[in-house]
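The values are calculated or read from the model by the stated rules, or taken from the named source; none is laboratory data. Because the structure is a prediction, the values reported are computed rather than measured. Reconstructed Cβ throughout: ideal geometry from the backbone, glycine too, with neighbour counts over all protein chains shown. Side chains included, ligands, DNA and RNA excluded: accessible areas come from the protein's heavy atoms. Shrake-Rupley method; radii C 1.70, N 1.55, O 1.52, S 1.80 Å.
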Amino acid sequence: MAQIIDGKAISAQIKDELKEKVANIKKDGITLCLAVIQVGNDPASSVYVGNKKKACEYIGIESLAYELEENTTQEELLDLIHELNKRQDVNGILVQLPLPKHIDEDMIIRAIDPSKDVDGFHPQSVGALCIGQKGFISCTPAGIIQLLKRSGIEIAGKECVIIGRSNIVGKPMALLLLRENGTVTVAHSKTENLKEVTKRADILVVAVGRPKMITREYVKEGAVVIDVGIHRNENNKLCGDVDYDDVAPICSAITPVPGGVGPMTIAMLMNNCVESAHLNS
Ligand code: NAD
């Protein structure tokens, strides 16, 4: 029977470690503050923002919430970011994505001071990851590395296949697995013979954005399967990109949805906030 990788428990463990770290940092007179900006009131974004606020409270990080109207202009948003970049009492700045269509996301990400870029999306953060220098790392792939390590899963020397090449999941995931000495393949929508490629994987990371697409035909017996996808099915129940019931019996370890990768993203965001205190103090 497959080991079920418990993202909820591992993220709780990380948050407790961070809580202790923050208490120690505070003893040195350093305060931590995360500014979270949301434009418009997309219900999913509001849930994510609320969860980030709760996590900050738990760990002892102050949070500033900016809830801006849907019709906020790009210039107004840029002005706010510039102001937060200058504020010495703000360590981290996060702009909740997606943004309304009239705002250029790329320009907004670039406007954030890289020393406060706790989402790890700024080109400077991505470049640092690429050449193995210190910098903020995108939270979801960083969380997956923690899930693997804390579950005792060896990465070095293993065949790692990622399905998906997005800037926030697939690409940084490839760089992180490479940094851990995995042998990395990135598959995507133009990959030929996808099943043959994914069946090579000792560790298969699925970030394809298609509900239950990955069935056991894509998975080598005994593989570790990490499911990044989050979807609501027709019964309003959460499911991932992996057909869990079909795949779980043949793999050695698997993340469930919910309760796998999802909780790790916030834990790693909190980790980046704590790191930012060192960068800005
Ligand atoms: P995306 O849509 O930006 O990228 C999907 C990738 O899958 C693309 O690179 C594409 O080439 C590839 N792809 C699409 N169809 C394919 C096919 N038929 N065969 C092979 N490859 C194919 O998505 P994303 O932002 O990387 O997110 C992926 C999933 O992960 C989504 O379900 C998203 O909701 C979820 N997600 C979860 C978290 C979390 O915290 N758990 C964080 C980010 C994203």
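Annotations for the structure displayed:
- Legend: calculated FRET efficiency, LYS149 to ALA44, from the Cβ-Cβ distance at R0 = 35 Å, rounded to 0.05, equals 0.75.
- In the structure shown, the pairs LYS15/LYS52; LYS8/LYS220; LYS158/LYS220; LYS8/LYS149; LYS53/LYS134 are assessed against 18 Å; a Cα-Cα span above that value is assigned to LYS8/LYS220; LYS53/LYS134.
- Debye log10 I(q)/I(0) at q = 0.09, 0.19, 0.21 Å⁻¹ for the stretch 1-134, Cα point scatterers: -0.32, -1.21, -1.33
- Derived scalar couplings ³J(HN,Hα) [the stretch 36-42; Karplus, 6.51 cos²θ - 1.76 cosθ + 1.60; whole Hz; x for Gly, Pro]: 10, 10, 10, 10, x, 10, 4
- For the stretch 118-175, the pair-distance distribution built from all alpha carbon pairs, in bins 5 Å wide starting at 0, is 4, 19, 27, 26, 18, 6, 0 percent.
- Among the helices of the chain, those built from whole DSSP H runs whose Cα atoms reach 15 Å or more along their own axis and whose mean Kyte-Doolittle hydropathy is at least -1.0 are 7-27, 43-59, 74-86, 139-150, 262-280.
- The stretch 34-92 versus the stretch 158-221: alpha-carbon centroid distance in Å: 32 Å
- Eigenvalues of the alpha-carbon gyration tensor of the stretch 14-68, scaled by 5 and square-rooted, set the equivalent ellipsoid semi-axes at 25, 12, 5 angstrom, largest first.
- Take the chain with all the other protein chains still there, run a 1.4 Å probe, and you get 49 Å² of accessible area per residue.
- Extension gain, THR73 back to MET1 (0.36 nm per residue minus Cα-Cα distance, nm): 20.6 nm
- Length-normalised contact order for the chain - Cα pairs under 8 Å, 6+ apart - percent: 23 percent
- Taking amide H positions as modeled 1.01 Å from N, with prolines and chain starts lacking one, the residues under 5 Å from THR215 and 5 or more places away or on another chain are ASP243.
- Pairs of Cα atoms in the chain fall into 10 Å distance bins, from 0 up to the last occupied one, in shares of 7, 28, 34, 23, 8, 0 percent.
- Relative contact order (%) - criterion: Cα under 8 Å, at least six apart; region: the stretch 144-281: 19 percent
- Fraction of beta bridges assigned by DSSP in the chain that are antiparallel (%, nearest 5): 5 percent
- Computed over protein heavy atoms with a 1.4 Å probe, the carbon and sulfur contribution to the accessible area of the chain reaches 49%.
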